[in-house]
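Novice: Structure incoming, see below.
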Amino acid sequence: MKVLSTLVALAALCAIPAPAIHAQSDEPACDGVFNVLRLSEITPTGSLDKFMSAVSAQQAWYSSHGYPDVIFAAKVTERDPQTKKWGFSNTQVLTYHYTKAGTPPVKRDAAWDAYVKQYNETSTIKETHVNCVPASAAPASLK
């Protein structure tokens, strides 16, 4: 039963595409900017276009609330096992969310909930990695 409770809690956390680090009290020191890198899988009822709309809505939310965060998606390349040709995946996408260390916590509102709903309706988060990007490699707008 304890395992089930833990899995339910973890699943709930994974469903929220908020940055893992946004002025947490135990935030590690970072001499650059934080990046939340996520690998998402488009669901059978979702689409890449709907996912990209969620990415745009997330960036718009941060911008409209005065955050300098930089958020974008990148296509994943994959090799066809039969033809050996490279192409872009129709089911996997990477998102990058750069934020300055020490940025105040976000205050969620209806617009936040709306873009989270878009993500949840079109994709599943497969992996999340938070990393410290050196200042020299940070997006220019965050330097």
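The values are calculated or read from the model by the stated rules, or taken from the named source; none is laboratory data. Quick caveat: nothing in here was measured; it's all calculated off a predicted structure. Every residue, glycine among them, receives a Cβ derived from its backbone with ideal geometry; neighbour counts consider all protein chains shown.
Novice: Looking only at residues in the range 59-75 that are surrounded by 15 or more Cβ atoms within 10 Å (Cβ to Cβ) and under 15 Å from the mean Cα position of the chain (by Cα), which one is farthest from Glu27 (Cα to Cα)?
Specialist: Ala73
Novice: Going through the range 82-111 one residue at a time, which ones are buried (at least 19 other Cβ atoms within 10 Å of the Cβ) and either free of Cβ contacts under 8 Å to residues at least 24 places away in the same chain or not in a strand (DSSP E or B) (or both)?
Specialist: Listed by number, the list holds a single entry, Thr103.
Novice: When the residues of the range 76-98 are filtered to those that are polar (S, T, N, Q) and within 20 Å of the chain's Cα centre (by Cα), which remaining residue is farthest from Tyr115 (Cα to Cα)?
Specialist: Selected residue: Thr77.
Novice: Considering only the range 51-67, I want to know if a residue exists there that is assigned to a loop (DSSP other than H, G, I, E, B) and farther than 26 Å from Ala101 by Cα.
Specialist: no
Novice: Would you pick out the residues in the range 79-90 that are modelled with pLDDT of 95 or more, among the polar types (S, T, N, Q) and under 22 Å from Pro44 (Cα atoms)?
Specialist: Scanning the range 79-90 gives a single hit, Ser89.
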